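Below is one structure; the comments refer to it alone.
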């Protein structure tokens, strides 16, 4: 059976280490500095919402997250207040924001996290003791074995309640609703020239599918025979291009990919000019009206396309729970020690930094488990690496630089060698690296 690079590494790690039920933090949770973005310029920004303290509000975020806030939810708040929200759904999000992931029981891995802050006139607000906010948090992974945690004093995680995972029904309903296009404007017919319709399963560019619903009139009678012959082909795609001479007339371009017996591809093409059929009104007035109707119709379709894209970008799942405090809430579970290796690293930048090395923090970014753990310089000999891979190492250096090694490069540099592994890193601007989400 073929082994992965990390599975081969397991055979080389003969130094003894103790495995417990969960992965212990790289330092005590009591040493957590709290929320501390390693590169402030790359911190996750908040979204701000202005609310009326005396009115209930429902807030929808682009991810599919929804907050249901009752009236008079905030103690002592009057009139207008500002609610700030940010979400963390990837390991890169956790790294950018500097969210601590250690507990006294071990290190956590996240299935979604939410931070809420409220303020009025510069004063931070808390929830009224008799009020709760209903949260539907976007979910991108299964949450079997996960629990709901709250970050007490922004430093210490406390398992605090339960949640329920459910499908994002709003997303499903929105996509279904937006997939039903309104009927196109009816157009005036001019004569009995060759009429034709197009099959609805042609591939068409975004925003042109409604044109398949029209009945069309061929513009040039001389193309009739060629057109009839061409329509015997099962075309793959048709594209519509409005003619500059008349916006009611289009060039229709058909394409089909064909392969010969040797597997070589060629593309067959055919094009013709046609216009959508119009009705029985005065032609000039009808065409002018039809142009106006088509402009409005096209704007409507563009809005529908935009809404559909927004709906498709939402998470398929929601984690549903209620919160009693402002702050950071997390769907978490403990990382399992039997899935990890403990090993040591030496890096190419250590000698370069000399006395500054003590100020460098190494971050293990667990992309599969969705977690981030910081390691001080005296902890680089006991970094936890998943047996199956899915980790990259990022060190924040002086001068707004990062030294990093991605997952595949890390595995390659560890393969066939023994700890401590000597790692060659790449360097780049810290903020640009984190903002790019690498």
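Values quoted throughout were computed directly from the atomic coordinates according to the rules given, and no laboratory measurement underlies them. These numbers were taken from a predicted model, which means no experiment stands behind them. With ideal geometry, Cβ positions are generated from the backbone for all residues, glycine too; neighbour counts draw on all protein chains shown.
Brief remarks follow.
- The mean sequence separation of alpha-carbon pairs under 8 Å and at least six residues apart, normalised by the residue count of the chain, gives a relative contact order of 23 percent.
- Were the residues from residue 253 through residue 41 laid out at 0.36 nm apart, the gain over their Cα-Cα distance would be 71.5 nm.
- Legend: calculated FRET efficiency, residue 359 to residue 124, from the Cβ-Cβ distance at R0 = 30 Å, rounded to 0.05, equals 0.45.
- FRET efficiency estimate (nearest 0.05) - Cβ-Cβ, residue 209 to residue 166, R0 30 angstrom: 0.40
- Each helix, a run of at least 4 DSSP H residues, gives -39500 (n - 2.57); summed and divided by the residues of the chain, these come to -5500 deg cm²/dmol at 222 nm.
- Residue among 146, 250, 259 with the largest mean-square fluctuation in a Gaussian network model of the chain, springs linking Cα atoms under 10 Å: 259
- The alpha carbon convex hull volume per residue for segment 78-181 rounds to 183 Å³.
- Per residue, the Cα convex hull of the chain amounts to 236 Å³.
- Between segment 38-107 and segment 404-433, the alpha-carbon center distance in angstrom: 34 Å
- The packing ranking, built from the mean of other Cβ atoms within 10 Å per residue, places the peptides 137-145, 382-390 in the order 382-390, 137-145, highest first.
- Coarse-grained scattering of segment 338-435 at q = 0.13, 0.17, 0.24 Å⁻¹, given as base-10 log I(q)/I(0) from a Debye sum over alpha-carbon atoms: -0.41, -0.72, -1.49
- Helix 283-312 axis, angle to the chain major axis (alpha carbon atoms, nearest 10°): 20 degrees
- Using alpha carbons only: equivalent-ellipsoid semi-axes of segment 195-311, gyration tensor based, whole Å: 28, 21, 10
- Most mobile listed residue (114, 397, 194) in the chain, GNM with C-alpha springs under 10 Å: 194
- Pairwise label distance in nanometres, residue 52 with residue 313, each label 7 Å out on the Cα-Cβ vector: 3.0 nm
- One decimal place: the segment residue 401-residue 427 gains 8.7 nm when fully extended, by the rule 0.36 nm per residue minus the C-alpha distance.
- Note on residue 288 and residue 435: their simple-model spin labels are 5.1 nm apart, each label 7 Å out from Cα toward Cβ.
- Cα long-axis angle, helix 169-178 against the chain (0 to 90 degrees, to the nearest 10): 20 degrees
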